[in-house]
Amino acid sequence: MEIIKEKKTVPTRENAFDILRVISMIMVITVHVSNVYSRSFGIINHSSFLISLVFNTISRISVPIFLMISGALLLNREWNKNKYIKRIIKYIVLIIAWDSIYLIWEYLYLGITYHQLYRLILTPYRAHLWFLYTILILYILQPLLKIIKEKSNRIIQSILFVLWLLFSTLSITIPFLAQYFTLFSYIGFFVMGDVLYSYIKKNDLKKYNVLWILIMLICFISSIALNYQTSIKRNQFYNLFFAYRTPFIMFSSFAFFILVISNYKKETVSKIGSLLSSLSLGVYLIHGIFLDITIQCFQYQSINPIIGIPIFTMMILLGSSLILIIIKKIKILNYFIS
């Protein structure tokens, strides 16, 4: 982890972030496992489809949480040009490296050949690698976002938040708007991570635990119900209502972020928790390989999702973690997973 001089108001380490990373890491895998079931609409029965939507929806807060952690850490740090440049270079290298790894993996294991390498400049080869492209853009914008944060007052910040919420709501019904709003929504999570973290540190939000839980339940139930009903109506899998840019995921992510940070006050994290936290980026990057393996070895749809989703998620997490522990021992390779 990079060490950058920080303002005195920000602790050198927030143990709650380790917990959030571990939970989000598991949720990312859960999203991709449950997607296999959800996309099998018409093949699996309606009850299995509904169960897959429950896992899929709840786990959708994972990426926003990752973005919020990054924002909370980076937007409170003093400007360091050398660290900034190194961070940008690293993510460019990670993009090239992991696109290449999946190109080779799919060619050797799945027999898939890709002929449009030029498209990788703007489009990730594997869907989940979009996160690298997004986080690179956010890191590039960090100085600008930091200036906006420091120069703007609460009124301007409130207006920007209202605009975010407005476009988030409109993007559900206006697909044309959605394609332009997506990046803005990620910037929003990045900035809100800093805003919420600063507010949490200054106020006792633990006394509102019931409210945060209630917000999450309302958002989750609404998203699940809308996706399920629309899928049944259209007779195909419909997933707009748990897109990251929607108000349902926005507010459930905020609530979960507040809930964990407000309540986790321990001075240390268990060794397993600390280890898994350090592997979170690597697991995010490599888990697609183990997802491919489980899909090839098992018939997902033949196993009830209430059993299959947790089992396959843990199998992928275990396989990814074990190989990463080995890779971390090789200094030159550790650069590509952490």
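The values are calculated or read from the model by the stated rules, or taken from the named source; none is laboratory data. Since the model is a prediction, treat every value here as computed from it, not as a measurement. Note that we place each Cβ from the backbone using ideal geometry, even for glycine, and neighbour counts take in every protein chain shown.
The numbered conditions (1) more than 30 Å from residue 252 (Cβ to Cβ); (2) touching a residue at least 40 places away in the same chain (Cβ under 8 Å); (3) in contact with a helix residue (DSSP H, G or I) (Cβ under 6 Å, 6 or more places away or on another chain) are all true for residue 99 except (2).
Of the residues that make up the stretch 229-238, is at least one on the phi > 0 side of the Ramachandran plot and either among the basic types (Lys, Arg) or out of contact with any Cys (no Cβ under 6 Å at 6 or more places or on another chain) (or both)?
Within the stretch 229-238, one or more residues are on the phi > 0 side of the Ramachandran plot and either among the basic types (Lys, Arg) or out of contact with any Cys (no Cβ under 6 Å at 6 or more places or on another chain) (or both).
Would you please name the residue that is surrounded by the fewest Cβ atoms within 10 Å (Cβ to Cβ), looking only at residues in the stretch 294-306 that are touching a residue at least 60 places away in the same chain (Cβ under 8 Å) and of a type outside the set (S, T, N, Q)? Once the filter is applied, the top-ranked residue is 306. Of everything in the stretch 106-127 that is modelled with pLDDT of 90 or more and out of contact with any helix residue (DSSP H, G or I) (no Cβ under 6 Å at 6 or more places or on another chain), the residue that is surrounded by the most Cβ atoms within 10 Å (Cβ to Cβ) is 106.
Summed over the stretch 67-82, the residues that are part of a helix (DSSP H, G or I) and surrounded by fewer than 16 Cβ atoms within 10 Å (Cβ to Cβ) give a count of 2. When the stretch 167-176 is examined, which residues are found to be hydrophobic (A, V, I, L, M, F, W, C) and either surrounded by fewer than 11 Cβ atoms within 10 Å (Cβ to Cβ) or under 22 Å from residue 76 (Cα atoms) (or both)? Across the stretch 167-176, the qualifying residue is only 176. Restricting attention to the stretch 256-270, does a residue exist that is assigned to a loop (DSSP other than H, G, I, E, B), under 22 Å from the mean Cα position of the chain (by Cα), modelled with pLDDT of 95 or more and within 15 Å of residue 19 (Cα to Cα)? The answer is no, given that none of the residues of the stretch 256-270 is assigned to a loop (DSSP other than H, G, I, E, B), under 22 Å from the mean Cα position of the chain (by Cα), modelled with pLDDT of 95 or more and within 15 Å of residue 19 (Cα to Cα). Considering the conditions (1) in contact with a Lys or Arg (Cβ under 8 Å, 6 or more places away or on another chain); (2) part of a helix (DSSP H, G or I), residue 226 is excluded by exactly one of them, (1).
Please work out which residue is nearest to the chain's Cα centre (by Cα), limiting yourself to the stretch 320-338 and to residues that are in a helix (DSSP H, G or I) and more than 22 Å from residue 132 (Cα to Cα).
Taking the stretch 320-338 as the starting set, the residues that turn out to be in a helix (DSSP H, G or I) are 320-328, 331-334.
Restricting the remaining residues to those that are more than 22 Å from residue 132 (Cα to Cα) gives 322, 326.
Working: 322: 22, 326: 25 Å.
Within the stretch 320-338, the match that is nearest to the chain's Cα centre (by Cα) is 322.
Within the stretch 143-165, the set of residues being free of Cβ contacts under 8 Å to residues at least 12 places away in the same chain, over 14 Å from residue 195 (Cβ atoms) and surrounded by 11 or more Cβ atoms within 10 Å (Cβ to Cβ) comprises 147, 163. Every test in (1) in contact with a His (Cβ under 9 Å, 6 or more places away or on another chain); (2) of a type outside the set (Val, Ile, Thr); (3) touching a residue at least 40 places away in the same chain (Cβ under 8 Å) is passed by residue 127 save one, and that test is (3). The listed residues are 220, 167, 184, and the only one of them that is within 17 Å of residue 65 (Cβ to Cβ) and either in a helix (DSSP H, G or I) or modelled with pLDDT under 90 (or both) turns out to be 220.
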